[in-house]
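Novice: Take this structure first; my questions come after.
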Amino acid sequence: ALISSLAQLLMDSFYRTYHGFMILIEKEWCSFGHKFATRSGHSQKKVLGRKQAPMFIQFLDCVWQIFKEFPTAFQFNERFLIFLADCLFNCRFGTFLANSQHEREELHLDQKTASVWSYAIIPKQKAKFINQFYQENREVLYPYATSKTARLWENYWLRWDSNYKRVDIMATCEKIMNEKIQEKQERCDDLQKQIEELEKSLEEAQTSNIKKWSQKMFQKSAEQQKLENIPKIPETPKISEPVKPVE
């Protein structure tokens with residue numbers, strides 16, 4: 001599930017969207033029978049240490065490493081990854097419980113618990129998990145996968161350390177972006193007021209010109225009317241020459 005999920009995430013941009021990523025996890029991890037109970041230590045039975053392994057956490061960590069390199073290629077943000085990692089261990093939802101879909105159906109978890117996806121699609125929660133800098137990129141991602149580029153996921157692994165100061169890069173960028181948007185909005189409002197004032201001035205100028213033109217046309221019409229009322233001097237009749245008699 002780990003390798004196939006990462007491969008699909010890199011090759012298909014749909015799985016880098018918010019809903020696409022949920023479908024990928026549901027398909028590759030939940031439906032295909034990842035042993036969440038055994039790997040995460042949820043099982044009530046005695047579990048051998050070698051069977052317990054944080055595979056799903058490793059997957060989310062790998063996604064974060066790719067996200068760090070391509071921050072605009074994913075529609076979801078780091079908060080969503082941390083939220084899913086917490087849901088794996090807090091057992092708040094039935095999505096990551098039991099070892100297979102068959103076991104979840106036998107335990108009637110769909111009736112006893114809620115799905116993590118039903119919570120994630122709530123508009124208020126979705127707004128927290130959406131990457132504001134997302135730009136759709138249909139190309140295949142080729143991450144620079146070396147030990148030098150790998151980084152500790154500090155916001156997840158060190159968040160409970162009292163000496164660690166959490167740095168939410170996306171939140172900082174969102175704050176800066178919102179401030180820029182507010183500045184642009186204020187500028188747009190000022191420009192809109194100027195446009196309204198110019199339109200008002202133009203309308204007044206047009207009204208004034210129409211009045212002047214109307215007065216000018218009225219004066220011209222009055223002058224023309226006066227000229228028409230002046231009596232015309234009768235034309236003098238032309239005297240025809242006498243007809244000479246034919247000899």
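Novice: Tell me the residue from Lys212, Lys175, Lys216 that is surrounded by 10 or more Cβ atoms within 10 Å (Cβ to Cβ), within 30 Å of Glu154 (Cα to Cα) and at pLDDT 65 or above, please.
Specialist: The conditions single out Lys175.
Novice: Look through the range 1-42, keep the residues that are among the charged types (D, E, K, R) and assigned to a helix (DSSP H, G or I), and return whichever of them is modelled with the lowest pLDDT.
Specialist: Restricting attention to the range 1-42, the residues satisfying the condition of being among the charged types (D, E, K, R) are 12, 16, 26-28, 35, 39.
If we keep only those that are assigned to a helix (DSSP H, G or I) as well, we get 16, 26-28, 39.
Working: Arg16: 95, Glu26: 94, Lys27: 94, Glu28: 94, Arg39: 85.
Among residues in the range 1-42 that are among the charged types (D, E, K, R) and assigned to a helix (DSSP H, G or I), the one modelled with the lowest pLDDT is Arg39.
The values are calculated or read from the model by the stated rules, or taken from the named source; none is laboratory data. No experiment lies behind these values; they were computed from the predicted model shown. Using ideal geometry, Cβ is built from the backbone for each residue, glycine included, and neighbour counts are taken over all protein chains shown.
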